[in-house]
Every structure is written in C-alpha cells, then in structure tokens.
Amino acid sequence: MPFSIVIKWSGNEYVVNETHVNEIATIADLKNELYNRTGVLPERQKLIGLKYMNKPATDDVKLENLELKPNSKVMMIGSKEKDIVSVNNEDLIASNQNVLNDLDIPDDIEISVEQCGENLAKIDRRVRDYKVNVFNAPRPGKKLLVLDIDYTLFDHRSVAENALQLMRPYLHEFLAEAYKNYDIIIWSATSMKWIQVKMQELGVETNPNYKIVCYLDSSAMITVNSPTYGVHETKPLGVIWGKYSEYTPKNTIMFDDLRRNFLMNPQNGLKIKPYREALKNCNKDKELYLLSKYLRLIAEREPDFTLLNHRHWQRYLNNSRSNS
C-alpha cells in the first residue's frame, strides 16, 4: 500500500514516500534517506511521534507497522556535524538571519482594531464554536498568564540533538514561580498536534511544580485588517474571557514575541525578546528569570493590568528595586 510521510526539520518539510524507501523498510532506512536530504547523521536524528505498540518506535521497526496516516507529519530534531562543531561561528549566525525580521508591526505604531464590530463578531464565533480541552480547572482568585511557544519558550528554528537544548533558559523555574499567582494557558499559532509534541518534549506536561489549564491552537485565532498593515492573524484574549468568567482584562497578561498577536488586546500584551540561536545564547538569556519577578510584583501590587504599560516592564522592575 502506498505511503507518504512529511518530516519537518529546521523550518523545512521533506516528503518521503515509496519512491524513496520501500514500505517494508525500517525506521533506520528512513533515517538514511533523511541523512541524504538533510546532512544529519542517522544517529543524531530524533523523530518525534513515531510509535509502535504505544511506545516510541525503535530503528528496527518497519514503516508498515507504524500505521501511518497518509501524509503524516513528524518533527525531526538533530544537528549537522558542522553545526555542532561551529555553533559559534559566523556561518551559523548568517544562517539564522532570515528569521530575524519576522513580519511584525513596529512598537511605535498604534493600530485600533479591538473595537471593530467585524472582529468582535469573529471572537463571539470562537467563543461559541471553539472546543477547549481543559486539563486543570481555573483556580479561584488567580490571575491569568497566556504564553506563546515558538521564540517565546522554545527556539523552533535552530537544530539540536534534542528539544531540551532548544528550551529557553529558566523555563521550568519561570512556570513554577508564575503558577503561585497565575493560571497558565499555552496559545500557539500552530496546530494542536505540534503544541502537544513540544510541551511533551520540553517536559511541561509532566512537571510536578505547576499545571497548565489548557492549550489553544491556531484555530482559536482570528484575522484582523488594518488599512496600513493589511491582514494579520491574531490571538484575541476575548476568546478566553468569553469562555471563563474567572479571567478578565484586569487580571490577564500575555507574552508573545510578535506584537501583532495581541492587536485585539494591546493593554494585556507584553512583547518578549525572541529566543533564537539557542546553542549560542543558552548561557546568556535571562528573559524568563527577570519576567518572573515582574509577574510576581504586578500580581501583588496591581489590581488592574490594563493600567500598566508592559513595554516598560524592565523600568518597572528597576523602580521597584530603587524603592525597596
């Protein structure tokens, strides 16, 4: 029976089908084919989501036994030898330049779309139709922290031997500290499948020191149109507020590396510094460590988050130190 599988690696997709490897071939044969395509040695490849008898599939498992659906997508983690050896050289820096200017709206440009009737109607439809799988119920009296994944908690473009090397420093400490005052929702502009894979690989789902209320994926987003910048996908917090009365504009904050993702709720969004080039920056990035302090302070001191300017969160921290 013909088969096809799509491997996602380093921002690219590689289609492998029966013209490349025979269906009775093993995962080891698949890895050899991927080595020919990507240059990542088979022993450095980790294919996320391939299971056999409800366990991660080993290299000797035949592809036909994986019961893959047509055009199944699988994430590969792994590095080329030259990237491992020269992680700090100029070639690696240059290779990442193409993602340094992700399309976004400049910080000094104000766009008023949050009161547009068409956009509010879209939010109402998401509140009505979008199905949420709640892992842990909202806790009375807690504020809400909404977190993006890619470039916020995880460098999804760089290559590494395992997902933990791409995890932003202090991630688990940050989530554990935030959980004392906040319920946590993960909202990514990807599919639910990839959210689950990333959260499993990073150990977020099983960490005993905090709990996640739910995941929201790209289906919960809406499109908004501005005369100057055109059409954008955005994450309207009104979807969450419409589903859970515990959360309001006054007690919600959202971290995202793209300002356009909180166009519908600008007073609740904090644009976090993107976490890129993980292997180079893992020992220098302290964004989550510092932001955990900011979250604690405003939870203790501020009854209405909409009165804060989150662009100046570092100034808020510095002023708090000066006054203490």
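The values are calculated or read from the model by the stated rules, or taken from the named source; none is laboratory data. Treat the numbers as computed from the prediction; the structure is a model and nothing was measured. Positions of Cβ are generated from backbone atoms using ideal geometry, with glycine treated the same way; all protein chains shown enter the neighbour counts.
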Of the residues Asn283, Asn319, which is at pLDDT below 95 and in a helix (DSSP H, G or I)?
Asn319
I'm checking my understanding of the structure. Among residues of region 172-188 that are touching a Leu at 6+ places or on another chain (Cβ under 9 Å) and surrounded by fewer than 20 Cβ atoms within 10 Å (Cβ to Cβ), which one is farthest from Tyr130 (Cα to Cα)?
Glu173
Boolean, His172 is part of a loop (DSSP other than H, G, I, E, B) and under 25 Å from Pro274 (Cα atoms):
no
Can you tell me which residue among Gln200, Gln196 is without any contact (Cβ under 8 Å) to a residue 12 or more places away in the chain, surrounded by fewer than 21 Cβ atoms within 10 Å (Cβ to Cβ) and closer than 22 Å to Ser72 by Cβ?
Gln200
Within region 31-54, which residues are more than 22 Å from Ile195 (Cβ to Cβ) and not in a loop (DSSP other than H, G, I, E, B)?
Lys31, Asn32, Glu33, Leu34, Tyr35, Asn36, Arg37, Thr38, Pro42, Glu43, Arg44, Tyr52
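For region 256-265, give me each residue that is assigned to a loop (DSSP other than H, G, I, E, B) and not polar (S, T, N, Q). Even if it seems obvious, please write down each step before you answer.
Filtering region 256-265 down to residues assigned to a loop (DSSP other than H, G, I, E, B) leaves 257-258, 263-265.
If the condition is that a residue be assigned to a loop (DSSP other than H, G, I, E, B) and not polar (S, T, N, Q), then Asp257, Leu258, Leu263, Met264 are the ones that fit.
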Would you check which residues across region 227-273 are under 19 Å from Leu175 (Cβ atoms) and surrounded by fewer than 17 Cβ atoms within 10 Å (Cβ to Cβ) and list them?
Lys273
Of Ser10, Ser72, which residue is within 27 Å of the chain's Cα centre (by Cα), farther than 24 Å from Glu277 by Cβ and modelled with pLDDT under 85?
Ser72
In region 303-316, which residues are in a helix (DSSP H, G or I) and either more than 13 Å from Gln267 (Cα to Cα) or touching a helix residue (DSSP H, G or I) at 6+ places or on another chain (Cβ under 7 Å) (or both)?
Phe305, Thr306, Trp313, Gln314, Arg315, Tyr316
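I'd like the full set of residues that are of a type in the set (D, E, K, R) and either loosely packed, with under 14 Cβ neighbours inside 10 Å or touching a helix residue (DSSP H, G or I) at 6+ places or on another chain (Cβ under 9 Å) (or both), limited to region 19-50. Quick ask: steps written out before the conclusion?
Filtering region 19-50 for residues of a type in the set (D, E, K, R) gives 23, 29, 31, 33, 37, 43-44, 46.
Glu23, Asp29, Lys31, Glu43, Arg44, Lys46, listed by residue number.
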Quick check on this structure: which one of Glu300, Glu277 is touching a helix residue (DSSP H, G or I) at 6+ places or on another chain (Cβ under 9 Å), more than 30 Å from Lys131 (Cα to Cα) and charged (D, E, K, R)?
Glu277
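Name the residue, out of Leu290, Leu258, that is within 22 Å of the chain's Cα centre (by Cα) and over 26 Å from Thr190 (Cα atoms).
Details: Leu258 fails: over 26 Å from Thr190 (Cα atoms).
From the options Leu290, Leu258, the qualifying one is Leu290.
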